[in-house]
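Inspection log for the structure reproduced underneath, given as structure tokens.
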Amino acid sequence: MPLARRTFLLGAASAFACSPALAQDYPAKPVRMIVPYAPGGATDILARLLATRIDQELKQSIVIDNRGGGASQVGTQAIATAAPDGYTIGMIDSAFTINPGLFAGKLPYDTVKDFAPVSLIATAPLVLVVHPSLAAATAPELVALAKQKPGAISYALPGLGTPVHLAGEQLRQAAGIDVVSVPYRGAGPSIADFIAGQVQMTFATVPSILEHVRAGRARALAMVGERSPLLPGVPTMAEAGLPGVDAALMFGLVAPAATPGAIIKILNETAVASGRTDPLRARLLELGYMPIGSAAEEFRVRIAADIAKWSRIIEAAGIKPN
């Protein structure tokens, strides 16, 4: 056996052997949780809520480190290159699995090889909404109207390659309709123009559109993902006959790839237990998140499946980053 190969195997075996010992004292100091966005967004909010519970379970502080920029690439790279000792973890979202297709071969890290999945923490459904001026009360009626008037309906999206954009492309492809995408720089401007009637439809997170729906300024047709307790009467896209539209947001914890398995196990069990406590679970539901708390291997499978799915959608739609 070549010396380099034998050395690698001996090193790997040594790391595995000492892994339980490392785990006995873990964590002995605060743990850094990198969020690849500026403070205040959905991913940051979830990270901070989860951190307040995890630090109680681990009896160590969880320090949030916001690293925004580069369509989440700056912070995600910081997770990948951190020491794999369990003292750096990261809260990622749908961009983690969208970016490999969007930036094909140009990411400064390998999304599959450079990370150890910890847990899928939560998902967040999007809701398909139309302006009240549009003569469609259900998703099938919207599809029928779009087929009658190709290119006449426009939909707002808060940026190219975002989950809202991909949900629109899924709808376009699944229903075989021609709708015009109108990109904006962020969710705020896109929703503002939608409410003003400048565009006829969009997908939005439930918290961002809920008051507009309740006030009659937007009509909710279907949920992308699970039904939301905040909009209990709104069916899912699958229930509306469009199961191919499934671009719900996802949020999860990852660590650098070589983080010992015993530490990943501690982090997973702690995160899962934290998300199932009544105060935190109730708060997440109130904010539009759907708590999951998956096993690490289940999250690994989900990541691979999502990368393949989004890469197909991006290629078929010819989406290019700004």
Only one of these conditions is not met by Ala71: (1) on the phi < 0 side of the Ramachandran plot; (2) surrounded by 15 or more Cβ atoms within 10 Å (Cβ to Cβ); (3) of a type outside the set (Lys, Arg). Which number is it?
-> (1)
May I ask you to list the residues in region 134-152 that are closer than 26 Å to Gly233 by Cα, part of a helix (DSSP H, G or I) and among the polar types (S, T, N, Q)?
-> none
Evaluate the following for Val254: is it in contact (Cβ under 8 Å) with a residue 12 or more places away in the chain and touching a Phe, Trp or Tyr at 6+ places or on another chain (Cβ under 6 Å)?
-> yes
Condition test on Leu102, is it under 19 Å from Ala51 (Cβ atoms) and open to solvent by 10 Å² or more (accessible area, probe 1.4 Å)?
-> no
Which numbered condition Gly233 misses (of (1) over 29 Å from Lys113 (Cα atoms); (2) under 23 Å from the mean Cα position of the chain (by Cα)) = (2)
Looking only at region 24-52, and only at residues there that are charged (D, E, K, R) and at pLDDT 95 or above, the one that is nearest to Met91 (Cα to Cα) | Asp44
Say whether the condition of being over 22 Å from Ile98 (Cβ atoms), free of Cβ contacts under 8 Å to residues at least 60 places away in the same chain and more than 25 Å from the chain's Cα centre (by Cα) is met by at least one residue in region 197-210.
-> yes
Residue in region 310-319 that is surrounded by fewer than 20 Cβ atoms within 10 Å (Cβ to Cβ), of a type in the set (S, T, N, Q) and in a helix (DSSP H, G or I) present | yes
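The values are calculated or read from the model by the stated rules, or taken from the named source; none is laboratory data. These figures come from a predicted structure and were not determined experimentally. Don't worry about glycine lacking a Cβ; one is built from the backbone with ideal geometry, like all the others, and counts go over all protein chains shown. Note: accessible area is taken over every heavy atom of the protein model, side chains too, but ligands, DNA and RNA are not part of it. Shrake-Rupley method; radii C 1.70, N 1.55, O 1.52, S 1.80 Å.
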